[in-house]
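The values are calculated or read from the model by the stated rules, or taken from the named source; none is laboratory data. The structure presented is a predicted model; accordingly, all values stated were derived computationally and were not measured. Glycine gets a Cβ as well: all are built from the backbone with ideal geometry, and neighbour counts include every protein chain shown.
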Amino acid sequence: MDASAFTYRPIGFVRSPYAKRIDAPHQPTVVAGTETGAPAEATLELEAWLPETALRDLAGFERIWLIFAFHLSEGWAPLVQPPRGPRAKRGVLATRSPHRPSAIGLSCVELVAIEGRTLRLRGVDLLDGTPVLDLKPYVPYADAFPGARAGWIDAVDVATGAHSAPGPRKPRRPPA
């Protein structure tokens, strides 16, 4: 297989309340500035080609990782300006910018329920229609490293408060 070109078929698509990037939080757990100020409810609707048995034993996991494509991303740059911290450009691979070389994202969300081929989710930061390439269960003993260093973000935490992060630039309300 040529490692320089991969083709992936989405296993499903997210249906979320976020139509535009400005509406969505920067991270799933950062909801300040969103319309409701609460973690968003969404669904992941699996494609017909994926057997429902692929979901067997997923019930009981509180969280799952969604591996998805930034389908609306318009290119990328090697340097980007993160939304928090001093106004300085950083290497894109040292950020969580959606403008990435391979336009692939990773998000840990709450699995609320499994209803047939639909997964009910909470705490999403994905836009409506986002293609999900795969999902994996969140396993605390393997996925949580609370004492891990976070590079330049540690300095931002010292300056602005631990785990502070902006929500969308301004709250959006549906047109009247």
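Worth pointing out:
- Hits in the range 24-58 - residues which are within 27 Å of P101 (Cβ to Cβ) and modelled with pLDDT under 65: A24, P25, H26, Q27, P28, T29, V30
- Residues (in contact (Cβ under 8 Å) with a residue 12 or more places away in the chain and not in a loop (DSSP other than H, G, I, E, B)) located in the range 145-156: W152, I153, A155, V156
- Checking S102 against (1) free of Cβ contacts under 8 Å to residues at least 24 places away in the same chain; (2) in contact with a Leu (Cβ under 9 Å, 6 or more places away or on another chain); (3) under 22 Å from I64 (Cα atoms), the condition it does not meet: (2)
- Residue check for A142: farther than 30 Å from A48 by Cα, in contact (Cβ under 8 Å) with a residue 12 or more places away in the chain, over 18 Å from the mean Cα position of the chain (by Cα) and not in a strand (DSSP E or B): no
- Residues satisfying the stated conditions in the range 85-97, i.e. surrounded by 15 or more Cβ atoms within 10 Å (Cβ to Cβ) and either polar (S, T, N, Q) or over 20 Å from P39 (Cα atoms) (or both): G85, R90, V92, T95, S97
- Taking the listed residues F13, F61, F70, the one that is in contact with a His (Cβ under 9 Å, 6 or more places away or on another chain), modelled with pLDDT of 90 or more, surrounded by 14 or more Cβ atoms within 10 Å (Cβ to Cβ) and under 30 Å from Y141 (Cα atoms) is F70, with no other qualifying.
- Selected residue (only one of S102, S107 is surrounded by 16 or more Cβ atoms within 10 Å (Cβ to Cβ) and either in a loop (DSSP other than H, G, I, E, B) or of a type in the set (G, A, S) (or both)): S107
- For the range 138-163, a tally of residues being at pLDDT 90 or above and surrounded by 15 or more Cβ atoms within 10 Å (Cβ to Cβ) returns 1.
- Given (1) modelled with pLDDT of 95 or more; (2) farther than 21 Å from E52 by Cβ, index of the condition L121 fails: (2)
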